[in-house]
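As structure tokens, the structure follows; a few thoughts come after it.
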Amino acid sequence: MWRGLWSLATRAAHWPHRLCTRQSSGALDPGPGATIFALSSGQGRCGIAVIRTSGPASGHALRRLTEPRNLPPARKASLRLLSDPRSGEPLDRALVLWFPGPQSFTGEDCVEFHVHGGPAVVSGVLEALGSVPGLRPAEAGEFTKRAFAHGKLSLTEVEGLADLIHAETESQRRQALRQLDGELGHLCRSWAETLTKALAHVEAYIDFGEDDNLEEGVLEQADKEVRKLEVALGAHLRDARRGQRLRSGAHVVVTGPPNAGKSSLVNLLSQKPVSIVSPEPGTTRDVLETPVDLAGFPVLLSDTAGLREGVGPVEQEGVRRARKSCNFLDTVVAPLGTRNPSGSSPRLLLVLNKSDLLPPEGPGPCPDLPPHLLLSCLTGAGLHGLLEVLKKELAAVCGDPSTGPPLLTRARHQHHLQGCLDALGHYKHARDLALAAEALRVAWGHLTRLTGGGGTEEILDIIFQDFCVGK
């Protein structure tokens, strides 16, 4: 009995290692003696600019550029005079920080130079670093790529970092920070552990079931774990791609009859003159799109031509494009002036504009009118209520990044979770235990590739190309 369990435990211990081993390549392997440097803060004049290095020659570069020559205490800011190692000419008086590996962002020896942000200072320090043997300018995303290669970040955390850098709204920042903190990666690793246990039970039955060396219910326990995992995966895959909308932006189309105030509403929501406003019907003859931060959510806001039978071919084409755009949207905002609408759809938010033209006692009874909001684009009355309703609608479409389980923000996440779920389906219908075990290994592989194990070089290149030089 103990011999069998020891053999099983030894084999199971090698499954993660065997499946997670990352294929080494030039892009991931920093290579001996490769030390990189780059400006990591923004371009242009600023109070402080941060220049950093990563690699085995970082300490040597710090000694060459600073006076005194000794390395400062680790992870403590020190004021040093920076000089050109070729001419000895002073460059700046700066704060320097020394991060010996592996306790650094990349896992390698790192240095940060906090210099004054003038272009001449930054250029001088970068030229001085380039003159130190063994140093070269960093490529885009190379610091983060080295952090991934040294196990400092999982692939989902790298994606969270990229999303955090590009976040433009509050909801995007919250979601990216949750992913950078490792919530999605931790969840996937816990699922992988569940599959490891289930696979161990199946393998144990294959190896020792006939010898009666195992307790009863081994296969039943594996089936139970797989069923629970199927439920969890299904719940995440039924999120209607909310995380991807949150990352890339929801599509909100403003549509309705001519002169209802569509262009005025687009200008009001975007807080800039996107569309031409005119009392002449048919002013907008194409779909005008603008990205906006709407109630904390990223939105691609579209102004469309008035829905009517156009008097000319140009306006008719605009109406056709307006109708077509409504087939690829997440939310419709339909200002209808003070007219009664002919109907609405579940995804339509009905807005009655020009409420300033109503009598003081308000609109009369309209029993056929569906739920709606009153708004005046001229005075701004009703705008707060519209934004609150849009916020709830966008939260339903994009998800709330501050609550609930982590969202799936990329098609790659959806692909691997769906692949894992499909493999679990093959496990349930397998008539042979060896095939069932193989299905569990395939499911396990999808989860590990989601967090970075066994990832192909092409996928890694796509992810890292969104990073800037210095990150």
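The values are calculated or read from the model by the stated rules, or taken from the named source; none is laboratory data. Predicted model, so just to flag it, every value in this text is computed and none were measured. Counting neighbours? That spans all protein chains shown, and the Cβs are built from the backbone with ideal geometry, glycine included. The accessibility values were calculated without ligands, DNA or RNA, using every heavy atom of the protein model including side chains. Shrake-Rupley method; radii C 1.70, N 1.55, O 1.52, S 1.80 Å.
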| task | Distance check, please: which entries in LYS272/LYS392; LYS152/LYS228; LYS145/LYS224; LYS272/LYS471 exceed 27 angstrom between their Cα atoms? | result | LYS152/LYS228; LYS145/LYS224; LYS272/LYS471
| message | Leaving out ligands, DNA and RNA, and with a 1.4 Å probe, what % of the accessible surface on region 61-187 is carbon or sulfur? | response | 53
| query | So what does ASP207 come to for accessible area, using a 1.4 Å probe and Å² rounded to 10? | reply | 60
| Using modelled amide H (1.01 Å from N, peptide plane; none on Pro or chain starts), what sits under 5 Å from the amide H of ASP109, excluding residues fewer than 5 places away? | GLY55, GLY101
| field | Accessible surface, per residue, of region 221-268 when the full set of protein chains is kept, probe 1.4 Å, Å² | value | 40
| field | Net +/- balance of residues flanking GLY404 in space, Cβ distance below 14 Å, scoring K and R +1, D and E -1 | value | +1
| message | Quick check: net charge around LEU184, other residues with Cβ under 12 Å of its Cβ, Lys/Arg +1 and Asp/Glu -1? | response | -1
| field | Accessible area per residue in Å² at 1.4 Å probe, computed on region 37-118 | value | 47
| query | Applying the Karplus parametrisation 6.51 cos²θ - 1.76 cosθ + 1.60 with θ = phi - 60° to the phi angles of region 91-107, what ³J(HN,Hα) value in whole Hz is obtained for each residue in order, glycine and proline being reported as x? | reply | 10, 5, 9, 9, 8, 10, 10, 10, 10, x, x, x, 7, 8, 4, 8, x
| said: I need the phi-derived Karplus couplings for region 244-259: 6.51 cos²θ - 1.76 cosθ + 1.60, θ = phi - 60°, integer Hz, Gly and Pro marked x. | reply: 5, 5, 5, 6, 9, x, 7, 9, 10, 10, 9, 9, x, x, x, 6
| query | Residue by residue, what Karplus-based ³J(HN,Hα) values in Hz, rounded to whole numbers, does region 145-159 have, using 6.51, -1.76 and 1.60 with θ = phi - 60° and x for Gly and Pro? | reply | 4, 5, 4, 5, 5, 9, x, 7, 9, 7, 5, 5, 5, 4, 5
| message | If I model a spin label at ASP84 and ARG45 as a point 7 Å from the Cα along the Cα→Cβ vector, what separation in nanometres do I get? | response | 2.3
| Stretch SER123-ARG136 to full length: gain in nm at 0.36 nm per residue minus the Cα-Cα span? | 3.2 nm
| message | Can you tally the net charge around GLU157? Count Lys and Arg as +1, Asp and Glu as -1, for every other residue whose Cβ sits under 10 Å from the Cβ of GLU157. | response | -2
| task | Note the full-extension length gain between ARG227 and LEU387 as 0.36 nm times their separation in residues minus their Cα-Cα distance, in nm to one decimal. | result | 53.4 nm
